[in-house]
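Undergrad: My questions will all concern the structure given below.
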Amino acid sequence: MSKIDLKDKIIAGYRNVESDKLLGIFGNPIKHTLSPVIHDTISDYYSFNERYIPFEIEDNLGDYVKAAYDLGIIGLNITVPYKEKVIPYLSDIDEDAKKIGAVNTLVRSQNGYKGYNTDMEGLYRSIIEANEDIKDKEIIMLGAGGAARAVAYMCFKYKASKAYIINRSVDKAQRLAEDMNAMDDKSSRFISISSDKYETVPEGRYIFIQCTSVGLKEDDGLPLVTDKEFYKQACFAVDLIYNPAKTAFIKLMEDNNIPAINGLKMLLYQGIIANELWNNTKINNELTAQIYDKLYKKIYG
Ligand code: ATR
């Protein structure tokens with residue numbers, strides 16, 4: 001194999017960045033990542049002199065993780081499609097990230113990188129900030145893919161009383177529910193439901209968490225369940241999608257006067273928590289608000 005050079009993978013617009021303290025992100029595609037906004041703003045605020053660089057990685061992930069370490073990179077984010085695939089190349093993994101089975105943050109340590117999942121904590125922080133909580137609540141999750149796995153684990157960790165996982169492919173929902181229940185003394189807190197059997201969910205008051213990719217396109221309708229009555233059972237709603245700002249799911253919740261948030265605060269807090277790990281610091285509320293403002297303007301204009 002020819003010798004790899006991580007610098008070849010820096011995307012256009014970042015090739016002339018100069019700093020001896022580098023942070024970065026691996027993914028593909030990566031052109032539209034908003035993470036530099038978060039981390040460069042933090043660096044400027046505290047005069048950390050760090051720069052954050054997106055790397056578009058197509059293959060040889062392990063070699064590039066090693067190359068990042070050799071280059072002295074302090075911390076990395078990992079995004080689609082590598083959040084699971086990166087795990088074999090870590091020197092250590094945080095217990096929560098291990099249980100989720102996905103890593104989005106790599107923190108430099110003595111022998112390599114330690115992996116964390118700040119998506120899950122980022123989502124939790126955004127829910128708490130909206131004056132909601134997970135403890136003892138009943139949850140309806142829509143979706144059972146990669147993102148849903150972190151959401152399900154959040155429901156486990158923060159002690160939801162029940163979580164119904166509804167998915168188009170019921171086998172994936174079943175697997176996710178089984179994995180979560182297995183951590184939990186064989187409980188049956190997690191229940192999988194095929195989307196065409198949504199009516200089997202008992203009537204109740206639920207926190208709805210939308211984890212499918214339905215809604216990303218402007219003309220997408222409601223995810224999985226088109227029966228609008230179903231959504232009236234929500235007491236609070238989260239859509240992990242932040243662009244567009246208002247999916248059909250969010251619009252329906254607002255029409256029903258149900259408090260609802262999109263995924264922008266999750267994006268914000270996953271970045272803040274990652275940076276806190278890299279710099280061993282606590283980011284204050286003023287800076288957090290500044291970053292949110294910048295992200296908001298960049299996405300929604
Ligand atoms: P992510 O990492 O964003 O979670 P993913 O792992 O590909 O992406 O998961 C996408 C989720 O959106 C899955 O729950 C998927 O349902 P399936 O498991 O049945 O594929 C769901 N999804 C995507 N497109 C969908 C569609 N058109 N209708 C219903 N569900 C859809």
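Undergrad: In this structure, does residue 123 turn out to be touching a Gly at 6+ places or on another chain (Cβ under 9 Å), closer than 19 Å to residue 258 by Cα, open to solvent by less than 10 Å² (accessible area, probe 1.4 Å) and within 15 Å of the ligand (Cβ to nearest atom)?
TA: For residue 123, the condition - touching a Gly at 6+ places or on another chain (Cβ under 9 Å), closer than 19 Å to residue 258 by Cα, open to solvent by less than 10 Å² (accessible area, probe 1.4 Å) and within 15 Å of the ligand (Cβ to nearest atom) - is met.
Undergrad: Mind checking which pairs have a first residue in segment 81-106 that is among the aromatic types (Phe, Trp, Tyr) and a second that is in a helix (DSSP H, G or I), Cβ under 8 Å, 6 or more apart or different chains?
TA: 82/61; 89/61; 89/62; 89/65; 89/66
Undergrad: Would you pick out the residues in segment 109-130 that are free of Cβ contacts under 8 Å to residues at least 60 places away in the same chain and basic (Lys, Arg)?
TA: 114
Undergrad: Mind listing whichever residues of segment 145-178 are touching a residue at least 60 places away in the same chain (Cβ under 8 Å) and either acidic (Asp, Glu) or within 8 Å of the ligand (Cβ to nearest atom) (or both)?
TA: If the condition is that a residue be touching a residue at least 60 places away in the same chain (Cβ under 8 Å) and either acidic (Asp, Glu) or within 8 Å of the ligand (Cβ to nearest atom) (or both), then 145, 146, 147, 148 are the ones that fit.
Undergrad: Spot the failing condition for residue 239; the list is (1) out of contact with any strand residue (DSSP E or B) (no Cβ under 8 Å at 6 or more places or on another chain); (2) within 23 Å of residue 125 (Cβ to Cβ); (3) charged (D, E, K, R), and only one is missed.
TA: Checking residue 239 against (1) out of contact with any strand residue (DSSP E or B) (no Cβ under 8 Å at 6 or more places or on another chain); (2) within 23 Å of residue 125 (Cβ to Cβ); (3) charged (D, E, K, R), the one that fails is (1).
Undergrad: Taking segment 202-232, which residues are near the ligand (Cβ under 9 Å from one of its atoms) and small (Gly, Ala, Ser)?
TA: 213
Undergrad: Still on this structure: Let me confirm something: among 76, 34, 71, 22, which residue is touching a residue at least 40 places away in the same chain (Cβ under 8 Å) and open to solvent by less than 10 Å² (accessible area, probe 1.4 Å)?
TA: Being touching a residue at least 40 places away in the same chain (Cβ under 8 Å) and open to solvent by less than 10 Å² (accessible area, probe 1.4 Å) holds for just one of 76, 34, 71, 22, which is 76.
Undergrad: Cβ-Cβ below 7 Å, separation at least six or inter-chain, first residue in segment 46-64 and closer than 23 Å to residue 32 by Cβ, second assigned to a strand (DSSP E or B) and open to solvent by 60 Å² or more (accessible area, probe 1.4 Å): which pairs?
TA: 50/21
The values are calculated or read from the model by the stated rules, or taken from the named source; none is laboratory data. These figures come from a predicted structure and were not determined experimentally. Every residue, glycine among them, receives a Cβ derived from its backbone with ideal geometry; neighbour counts consider all protein chains shown. For the accessible areas, the whole protein counts, side chains as well, though only heavy atoms, and no ligand, DNA or RNA atoms are used. Shrake-Rupley method; radii C 1.70, N 1.55, O 1.52, S 1.80 Å.
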